[in-house]
Amino acid sequence: MKMKTLIKSSMWLVAAGLLTACASEDTQQKDGTKQSETKYVATFTGHQPNSNSSAKSRTTATHTLGNPAQVIWEATDRIWVKADDGRFYQSETANFAASATPADHSRANFHLSQGYYATTTPEVRYVGTSTNADRVTIAATQTQASPNDFSHLGAAGDCGTATAHSGALAAGDYEFTLQHKASYLCFVPRCMNTQLGPNIKLTKIVVTADKPIAGIYDFSDGSLMGKTPTGGSNTITLNVGGANDFSLNTTTENLAMNGAYMVIAPGTYNLTVTYTINDPSTSVSMDIVKQLPAWNNKPGEIRDITANLTPAASLAMPEFYMWDAVNPYWHGYENERPSINQGQPGATKGPHYPQSSSDPQQRWYHTTGSGAHTATHSCSIAPNVNEMCWYNMLGDPHWQDGTPAAKDGHLVIQPGGIWLKKKAAIIRDNPGIFPGNDAAGRFFSGFPVDKNPNSPTSSDRDWRTETAGFPFPNKKTRALTSNPLPNVSDYFFLPAAGEFYEGWLALRGQQGFYWSSSTYPFANTGAYMFYLSNGYVGVTNPTRSSGFAVRAFE
């Protein structure tokens with residue numbers, strides 16, 4: 001981040017006519033009627049001899065990164081001049097010579113029809129669009145329609161002061177250099193994901209401080225420093241875009257593509273900057289937050305703020321299998337894999353889903369027969385049923401809603417899911433349940449028949465092989481939805497990946513189903529699995545032909 005000074009060029013003021021109060025005379029029209037004509041008591045002519053010809057208006061800053069911003073006049077500008085009676089009088093709007101082009105209004109005339117100006121050093125103020133020379137409004141909501149366009153500068157709160165000097169100029173001529181009193185931010189974001197960048201744009205920047213940075217400021221002494229505004233706001237929102245998008249199709253700073261400007265009160269703040277980006281194709285938006293501690297904004301200074309707005313990549317979904325199949329559910333037919341839930345617009349059914357044990361792609365579930373069996377193929381990496389029971393009862397599940405992420409060149413909402421406590425953290429946090437050197441052994445080999453984790457080991461049953469008729473401890477555990485994780489490093493994430501059934505995708509983003517490595521010993525077509533939703537987690541024993549996720553638990 002580099003510092004620059006926002007420069008308002010030298011101004012020439014030429015006093016013309018008698019220095020009296022507002023005067024007028026009647027002029028005769030051709031039809032004999034009379035028309036009132038305003039007589040100006042003073043004309044202030046300002047020009048900028050070294051202006052950049054590419055500048056378009058006073059409030060369009062001609063700015064390159066690391067350099068001052070050159071600013072020239074626009075047609076709606078007015079100045080205020082202090083007359084000999086101590087009052088400030090406002091000029092007419094800026095008037096340009098006939099030869100001046102819109103691309104270079106480096107010279108402007110400001111006519112005053114009120115006031116008496118005998119002093120050789122009148123005070124000049126610029127207060128943007130304010131109607132009071134003693135008051136400046138830093139707007140809490142600012143708008144920029146086009147990239148690298150500072151034409152909202154005056155409306156957003158630009159202001160400045162100067163003392164005019166006649167010096168060796170002709171009688172009635174004055175020269176001054178305006179000193180800006182507001183501060184200015186130039187945001188230059190980028191996206192390092194070259195596949196995503198062309199498809200997203202910046203729509204809003206919100207700057208939040210630890211004290212007011214906008215509001216109505218007393219400007220009677222020509223300064224904003226140290227002032228507490230009326231109707232103060234700790235937040236400034238800059239809305240950008242419209243017909244001209246602020247593209248993020250750049251991996252480097254590019255003012256022409258997405259340069260965004262904000263007026264802010266001078267001072268030192270702890271700033272939080274929230275950038276909102278949007279993918280028009282998917283209608284997905286997301287906020288990316290950056291912190292700027294001890295940020296110093298000096299009066300008249302413009303500071304660049306570069307930001308990497310590359311979203312995180314979408315989490316990869318786990319692979320899906322029928323229970324302990326050799327190959328995944330869509331092996332050999334990956335292009336048929338549905339990605340939209342059944343019943344939703346655009347949902348499709350993959351016709352070549354596994355349908356029998358003779359499936360040539362070896363995607364049918366492991367047909368072990370009845371009794372207790374342990375997975376030997378795809379599900380061998382999964383926890384067994386006892387371990388799943390402990391995760392269920394002591395895993396402290398926390399639900400996380402779906403979040404925006406980058407996938408295949410677009411912003412999408414990736415499925416939410418459950419944060420579950422890791423095995424090591426469960427054992428560590430429950431020494432009374434898992435005492436001594438065999439703590440991991442109990443976690444693996446059994447779970448209390450009464451569903452009470454505080455019961456002694458004598459109440460444990462090995463549910464991989466239990467056939468004595470005890471009811472399976474399939475108690476659900478409520479999933480928290482608001483409390484933050486105590487320590488994220490103690491948890492792992494299971495997405496609500498949904499399921500595949502008879503070629504359809506279902507419940508993605510709502511529920512998740514994860515195979516265990518254990519069969520259900522009472523049925524030759526059943527196996528245990530762990531399920532989750534935004535309300536609860538649990539363990540149950542469905543048919544093996546479902547297409548559920550398979551992964552190791554941590």
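The values are calculated or read from the model by the stated rules, or taken from the named source; none is laboratory data. In this text the structure is predicted, and so the values were computed from the model without any measurement. Cβ atoms come from the backbone with ideal geometry, glycine included; neighbour counts cover every protein chain shown.
Scan the range 76-95 for residues that are hydroxyl-bearing (Ser, Thr, Tyr) and without any contact (Cβ under 8 Å) to a residue 60 or more places away in the chain and jot them down.
Residues of the range 76-95 that are hydroxyl-bearing (Ser, Thr, Tyr), as a first pass: 76, 89, 91, 93.
Hits for the range 76-95 are Tyr89, Ser91, Thr93.
Quick check on this structure: which one of Ala479, Ala496 is of a type in the set (A, V, I, L, M, F, W, C) and modelled with pLDDT of 95 or more? Lay out the reasoning, then the answer.
Working: Ala479 fails: modelled with pLDDT of 95 or more.
Only one candidate qualifies: Ala496.
Looking only at the range 53-78, count how many residues are at pLDDT below 90 and more than 22 Å from Ile302 (Cα to Cα).
Restricting attention to the range 53-78, the residues satisfying the condition of being at pLDDT below 90 are 53-77.
Then keep just the ones that are more than 22 Å from Ile302 (Cα to Cα); that gives 75-76.
Looking only at that region, the number is 2.
Can you name the number of the only condition in (1) of a type in the set (Gly, Ala, Ser); (2) touching a residue at least 24 places away in the same chain (Cβ under 8 Å); (3) part of a strand (DSSP E or B) that Ala256 fails?
Ala256 satisfies all of (1) of a type in the set (Gly, Ala, Ser); (2) touching a residue at least 24 places away in the same chain (Cβ under 8 Å); (3) part of a strand (DSSP E or B) except (3).
Just give me the residues in the range 312-333 being at pLDDT 95 or above, touching an Asp or Glu at 6+ places or on another chain (Cβ under 9 Å) and among the small types (Gly, Ala, Ser), in sequence order.
Across the range 312-333, the qualifying residue is only Ala325.
Name the pairs: first residue in the range 440-468 and touching a residue at least 24 places away in the same chain (Cβ under 8 Å), second residue small (Gly, Ala, Ser) and assigned to a strand (DSSP E or B), Cβ to Cβ under 6 Å, at least 6 apart or on different chains?
Here the result reads Arg464/Ser518, each pair linking the range 440-468 to a residue that is small (Gly, Ala, Ser) and assigned to a strand (DSSP E or B).
Listed residues Ala382, Ala316, Ala307; which is within 30 Å of Asp279 (Cα to Cα), among the aliphatic types (A, V, I, L, M) and either buried (at least 16 other Cβ atoms within 10 Å of the Cβ) or in contact with a strand residue (DSSP E or B) (Cβ under 6 Å, 6 or more places away or on another chain) (or both)? Talk me through it step by step, then tell me what you get.
Numbers: Ala382 fails: within 30 Å of Asp279 (Cα to Cα); Ala316 fails: either buried (at least 16 other Cβ atoms within 10 Å of the Cβ) or in contact with a strand residue (DSSP E or B) (Cβ under 6 Å, 6 or more places away or on another chain) (or both).
Result: Ala307 is the single residue among Ala382, Ala316, Ala307 that is within 30 Å of Asp279 (Cα to Cα), among the aliphatic types (A, V, I, L, M) and either buried (at least 16 other Cβ atoms within 10 Å of the Cβ) or in contact with a strand residue (DSSP E or B) (Cβ under 6 Å, 6 or more places away or on another chain) (or both).
Just to be sure before I move on: is Asn430 over 26 Å from Thr519 (Cβ atoms) and surrounded by fewer than 21 Cβ atoms within 10 Å (Cβ to Cβ) in the structure I sent? It would help to see each step written out before you state the result.
Values: over 26 Å from Thr519 (Cβ atoms): yes; surrounded by fewer than 21 Cβ atoms within 10 Å (Cβ to Cβ): yes.
Answer is yes for this residue.
Confirm whether Glu554 is surrounded by 15 or more Cβ atoms within 10 Å (Cβ to Cβ), at pLDDT below 95 and under 20 Å from Trp390 (Cα atoms). Lay out the reasoning, then the answer.
On the way: surrounded by 15 or more Cβ atoms within 10 Å (Cβ to Cβ): yes; at pLDDT below 95: no; under 20 Å from Trp390 (Cα atoms): yes.
Taking the combined requirement at face value, the residue does not satisfy it.
Count, please, the residues in the range 259-297 that happen to be hydrophobic (A, V, I, L, M, F, W, C) and free of Cβ contacts under 8 Å to residues at least 24 places away in the same chain. Give the derivation first.
Here is the first cut: in the range 259-297, the residues hydrophobic (A, V, I, L, M, F, W, C) are 260, 262-265, 271, 273, 277, 284, 286, 288-289, 292, 294-295.
Subsequent filtering for residues that are free of Cβ contacts under 8 Å to residues at least 24 places away in the same chain retains 288-289, 292.
Adding up the residues that qualify gives 3.
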